[in-house]
1. Out of all DSSP beta bridges in the chain, what portion is antiparallel? Express it as a percent rounded to 5.
2. With every protein chain kept in place and ligands, DNA and RNA left out, what is the accessible area per residue of the chain? Probe 1.4 Å, answer in Å².
3. Using R₀ = 22 Å, calculate the FRET efficiency as 1/(1 + (r/R₀)^6) where r is the Cβ-Cβ separation of S7 and V101; round to 0.05.
4. Using R₀ = 25 Å, calculate the FRET efficiency as 1/(1 + (r/R₀)^6) where r is the Cβ-Cβ separation of D72 and M47; round to 0.05.
5. Of the accessible area of the chain, with the probe set at 1.4 angstrom, what percent is carbon plus sulfur?
Amino acid sequence: QVQLVESGGGLVQPGGSLRLSCAASGIIFRIYDMGWVRQAPGKQRDMVAVIPSGGSTNYADSVKGRFTISRDNAKNTIDLQMNSLKPEDTAVYYCIARRGVTTYWGQGTQVTVSS
């Protein structure tokens with residue numbers, strides 16, 4: 001059974017930082033492309049950052065220079081370090097694992113940026 005479990009969400013003031021983590025089980029982690037997708041209220045889901053099993057990372061233009069994605073293949077985890085947070089970063093953040101046409105999703109963690 002595949003499980004992706006996110007943690008680290010919460011309420012933060014504009015300009016602040018948060019670090020999200022995702023722990024994966026039930027997959028051969030090192031061969032999966034991993035990423036973060038977010039969905040703001042009333043909006044579609046958007047890719048935030050991707051870290052492939054091999055190759056360079058990719059970021060949405062809206063988060064470049066502020067967010068950093070990383071993975072630890074020994075621990076089967078990925079992290080998303082979010083700095084200089086803005087109110088428009090408010091969303092539910094989902095961890096995803098993708099290989100070919102198969103995508104697994106976590107349950108999501110809420111990030112709220114507000115003063």
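The values are calculated or read from the model by the stated rules, or taken from the named source; none is laboratory data. Here the structure is a predicted model, which is why all the values come from computation and not from measurement. All Cβ positions, glycine included, derive from the backbone under ideal geometry; neighbour counts span all protein chains shown. Side chains included, ligands, DNA and RNA excluded: accessible areas come from the protein's heavy atoms. Shrake-Rupley method; radii C 1.70, N 1.55, O 1.52, S 1.80 Å.
1. Details: 39 of 42 bridges.
Antiparallel bridges make up about 95 percent of those DSSP assigns within the chain.
2. The answer is 53 Å² per residue.
3. Using R0 = 22 Å, I get an efficiency of 0.20.
4. 0.75
5. 46
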